[in-house]
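These notes concern the structure reproduced below.
A short reminder: the numbers here are calculations on the coordinates, not readings from a lab. Treat the numbers as computed from the prediction; the structure is a model and nothing was measured. Positions of Cβ are backbone-derived with ideal geometry, glycine not excepted, and every protein chain shown enters the neighbour counts.
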Amino acid sequence: MQVNFETLKTLVEAGDKSAFEKHIFESLEKGDVVAAASHNALVKSELDSEKDKHHNTALQTWKDNNLQSLIDDEVSKRNPQETPEQKTIRELKERLDQKEKSEQRAALKEAALTYATDKGYDAKFATKWIDRLLGEDETVTNTTLDNFKTDLDAIVQAQVEEKLKGANRNPGGGSGGGAGLSTGARVAQQNQNKNAEEQQKAFFG
């Protein structure tokens, strides 16, 4: 700090505070403010506050000028933008893949229907269930179809046997398919058989 003591003395004697402070400030040299901060907590606090303001202003300015472009660049790296040519190729490939899958499924369905026909499965049963039973290939599809048919047959057969239980009993002790039954008993047995057939059609038709 370069202070002119004669001037300083004159200002003090004159009691001119404003002129005194101006002279002190004008007498400051590089490093004086830092030195003052090291000796005066209030000066240090104010300097720190000013530095924070400057830092925050600078940071906000940088964000305004650079942040969005950096974000856009990073998004582009993670999700590269397609060129019109790349988009056309991708969409074409997707359509071809979809067409191929549709053709494969149609061929698989046709093969499964042929298999069901060869196995003597009811046509209504095959038509109704074939779409739901298609697998990844013919072997899987045919196995699934057989298992499903077997399970349904078992369910229907169990219900048929339950309904016909007793109806097939021969009161005379014989086993001759209704022989020896009264006319009324034979009619009842025929009705039971008809109901069983209708239930089977309800499952497979």
### Query
In nanometres, what is the gap between the two model label sites at ALA14 and ARG90, each 7 Å from Cα along Cα-to-Cβ?
7.9
### Message
Output wanted: per-residue J couplings in Hz (rounded whole) for segment 48-65, from phi through Karplus 6.51 cos²θ - 1.76 cosθ + 1.60, θ = phi - 60°, x for Gly and Pro.
### Response
4, 4, 5, 5, 4, 4, 5, 5, 5, 5, 5, 5, 5, 4, 5, 4, 4, 8
### Task
Quote the FRET efficiency, to the nearest 0.05, computed for ASP137 versus GLN157 with a Förster distance R0 of 30 Å and r equal to the Cβ-Cβ distance.
0.50
### Query
How far, in nm, would the chain grow between SER69 and GLN81 when pulled straight, counting 0.36 nm per residue and subtracting the alpha carbon separation?
2.8 nm
### Query
So how strong a dipole does segment 69-134 carry about its Cα centre when Lys and Arg Cβ are +1 and Asp and Glu Cβ are -1, to the nearest 20 debye?
420
### Message
Please compare each pair in LYS124/LYS163; LYS101/LYS124; LYS87/LYS128 to a cut-off of 28 Å on the Cα-Cα distance and tell me which ones are over it.
### Response
LYS87/LYS128
#### Entry: For segment 94-104, 3J(HN,Hα) per residue [Karplus equation, 6.51 cos²θ - 1.76 cosθ + 1.60, θ = phi - 60°, Hz, x = Gly/Pro]
5, 5, 5, 4, 5, 5, 5, 5, 5, 5, 5
### Task
Holding the Cα-Cα limit at 27 Å, pick out from LYS119/LYS165; LYS99/LYS119; LYS22/LYS53 the pairs that are longer than that.
LYS119/LYS165; LYS99/LYS119
### Query
How far, in nm, would the chain grow between LEU47 and LYS124 when pulled straight, counting 0.36 nm per residue and subtracting the alpha carbon separation?
18.6 nm
### Message
Among GLN86, LEU108, SER76, whose Cα projects farthest towards the positive end of the dipole of segment 66-111, with charges put on the beta-carbon of Lys, Arg (+1) and Asp, Glu (-1)?
### Response
LEU108
